[in-house]
Amino acid sequence: MQTEHKTPASLETLVTLCKRRGFIFQSSEIYNGLNGFWDFGPLGTELKNNLRDAWWQDMVRNPPLGPDGEMLDIVGLDSAIIQNPKVWAASGHLGGFNDPMADCRESKSRYRADHLMVYVPESGEGTAFAFLEGEPAVAEKRIKKNAKSDPSAYKVVAFTDLDPALIPSVWGPDASEPGTLTEPRQFNLMFKTFIGALAGEGEENTAYLRPETAQGIFINYKNVVDTMRVKLPFGIAQVGKSFRNEVTPRNFIFRSREFEQMELEWFCHPDDATKWYNFWVEARLQWWASLGVDMRNLRRRDHDEDELAHYSTACADVEYQYGFTAPGFGELEGIAHRGDFDLTQHQEASGTKMEYLVQETNEKVIPHVIEPSSGLTRGVLVLLNEAYTEEFVPKGNTEGGVQLAKPGAQVPEGYEKRVVLKFAPRLAPIKVAIFPLLKNREELVGKAKDLYAELRKTWPCFYDQTGAIGRRYRRQDEIGTPFCVTVDFDSLEDNTVTVRDRDSMKQERIPASELKAWLHSKGI
RNA sequence: GCGGGUGUUGCUUAGUGGUAAAGCCCCAGCCUUCCAAGCUGGUCACGCGGGUUCGAUUCCCGCCACCCGCUCCA
């Protein structure tokens, strides 16, 4: 059945709901928060774990069948967050991205500070004129025109060596007045730390929090090949935290400085790499759809050649129409064809041979790598976006059914608004809620608690006896609990219970003895 | 990092140079035989730090966080 296409929820709506219902909190909130960091509350933790477990189940333990219907071999890994800094030198994360940069506030240009030179008046007083190394003409012209002076009255100083107090009097290369340049700043996005309790903050003690989980896989590639009897092609998967010192964390948990990734590195023969690349792009798109994400909100976007990263020969993103990007799309997962870049880099930097011997042909190859790299944190945001639904439901009963609320529409006469998170049952933080119909009847309460004690052995459950039954249903709707079980007076007679479905709001009477089997059949 | 905006309880709002009000939510009690009912009571807030002032949630400064636009996203 083709369902109506929902309008994406605004970010503000989601942030508010997440806080109110215990999904996601601002990190360090009681100390005014910390930009770019978020804490997962009780329900957010369950949701995130469920997404992670679904990925692990569907990628490592029971991956999809390959392009020729064959079973794939993928093994798991959990590498350290802090690795030898040489890893990041070899991967390219350190080199070339570690230079101090200066911005021009006016022209918005960004300069490598070590490429900027400055004409400073010998007297030390007055405007100084900056120019790009090797292009002093602009500055010399200005000295004559604006300072009515001659370059010989100036000395040339590197911008990086300039007294910071003089920066406000520096005239940038393409500014229309002095004082628009910022102080040089480091732009490396890796978090630095220092190893050893007594260690100083010297270069020799510096280490980095990993900016991606992928490198932990590459540096263990040989260990896995030597111990796990894997044969090409095979995959190594890892889920874990990564850290990037983003210039601008934005959009709730979409871009945060601490986040989680779910990454697969698929090692294959170079001749087959294109085939596997295409396979994984399609497989990953399908996987998100299998979680109940509306295909109309997903799309594949192939990177243009000029936006490919230095390591990549092809890359496609799985994009999602987030509320804050709509009608556009934002990245959810990237599938990169990394070629043999990483293994070759580590082979050269470490001296460890990364070749794989293909027994059948006695051929030694450095495998090529296809990397489906997915954001677990972003995945949670997608699930929340996708699940969030506003509906109009008839007051007092459910006979009139439910209808999707249009943004800004008035609630129709006789209806009221319901907020419901329509998570796939597999992903819902709480699977079953158990209620006694009334809390002032001991028999109902006792039986409901017995049921709760039994069900919580198997599933995350929630017991609630507070308020009217309808209120309790709505509370569960708002956190996405797929099933509510109510013990009523009939239950005392014939040992049946009612199970109320979150989406249809319909009830079904089930013998208590069959409840577990019934719930299992619903995919929770 | 730059520019603009915002900041009163969990949420939505009111208000004031003399430390704050309401609705919803939440909690407790009563009631209630299935979809946010009712009654009674209750908890909870002026983002943080300075300054001015006898006194600041209110005025000023700084900071922090969030939102929008740039920038960034290897």
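The values are calculated or read from the model by the stated rules, or taken from the named source; none is laboratory data. Predicted model, so just to flag it, every value in this text is computed and none were measured. We place every Cβ from the backbone using ideal geometry, glycine too, and count neighbours over all the protein chains shown.
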Flag if A:THR458 is of a type in the set (Val, Ile, Thr), outside the structural domain of A:LEU17 (by TED's automatic domain parsing) and more than 11 Å from RNA strand B (Cβ to nearest atom): yes
Please specify each residue of segment A:481-504 satisfying the condition of being more than 7 Å from RNA strand B (Cβ to nearest atom) and among the basic types (Lys, Arg). A:ARG502
Which condition number in (1) among the aliphatic types (A, V, I, L, M); (2) surrounded by 15 or more Cβ atoms within 10 Å (Cβ to Cβ); (3) within 12 Å of RNA strand B (Cβ to nearest atom) is the one that A:LEU264 fails? (3)
Flag for A:GLU386 being among the charged types (D, E, K, R) and either modelled with pLDDT of 95 or more or more than 18 Å from the chain's Cα centre (by Cα) (or both): no
Tell me yes or no: at least one residue of segment A:468-480 is more than 8 Å from RNA strand B (Cβ to nearest atom), over 37 Å from the mean Cα position of the chain (by Cα), outside the structural domain of A:LYS48 (by TED's automatic domain parsing) and not acidic (Asp, Glu). no
Any residue at all in segment A:275-290 that's within 12 Å of RNA strand B (Cβ to nearest atom) and either in contact (Cβ under 8 Å) with a residue 12 or more places away in the chain or outside the structural domain of A:GLY66 (by TED's automatic domain parsing) (or both)? no
How about segment A:505-524: which of its residues are in contact (Cβ under 8 Å) with a residue 24 or more places away in the chain and either within 10 Å of RNA strand B (Cβ to nearest atom) or part of a strand (DSSP E or B) (or both)? A:MET505, A:LYS506
Is at least one residue of segment A:15-35 within 17 Å of the chain's Cα centre (by Cα), surrounded by fewer than 18 Cβ atoms within 10 Å (Cβ to Cβ) and away from RNA strand B (no atom under 16 Å from the Cβ)? no
Within segment A:296-318, is even one residue out of contact with any Pro (no Cβ under 9 Å at 6 or more places or on another chain), more than 12 Å from RNA strand B (Cβ to nearest atom), at pLDDT 90 or above and within 18 Å of A:ARG52 (Cα to Cα)? no
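Every residue, every condition in (1) aromatic (Phe, Trp, Tyr); (2) under 25 Å from A:PHE324 (Cα atoms), yes or no:
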position: A:PRO372; (1), (2): no, yes
position: A:PHE392; (1), (2): yes, yes
position: A:VAL420; (1), (2): no, yes
position: A:PHE435; (1), (2): yes, no
position: A:GLU443; (1), (2): no, no
Looking only at segment A:246-286, which residues are of a type in the set (Phe, Trp, Tyr) and either within 16 Å of the chain's Cα centre (by Cα) or at pLDDT below 95 (or both)? A:PHE252, A:PHE254, A:PHE259
I'd like the full set of residues that are among the aliphatic types (A, V, I, L, M), at pLDDT 95 or above and surrounded by 12 or more Cβ atoms within 10 Å (Cβ to Cβ), limited to segment A:505-524. A:ILE510, A:ALA512, A:LEU515, A:LEU519
With respect to A:LEU43, is the statement that it is more than 21 Å from A:GLU263 (Cβ to Cβ) and either more than 10 Å from RNA strand B (Cβ to nearest atom) or free of Cβ contacts under 8 Å to residues at least 24 places away in the same chain (or both) true? yes
Output for Cβ contacts, cut-off 9 Å, separation at least six or different chains, first residue farther than 11 Å from A:GLU319 by Cβ in segment A:293-307, second polar (S, T, N, Q) and part of a loop (DSSP other than H, G, I, E, B), reads A:ASP294/A:THR3; A:ASP294/A:GLN321; A:ARG296/A:GLN321; A:HIS303/A:SER312
Counting only residues that are surrounded by fewer than 17 Cβ atoms within 10 Å (Cβ to Cβ) and within 16 Å of RNA strand B (Cβ to nearest atom), give me the strands (runs of 3 or more DSSP E) lying completely in segment A:130-238 with at least 1 of them. A:192-194, A:206-209
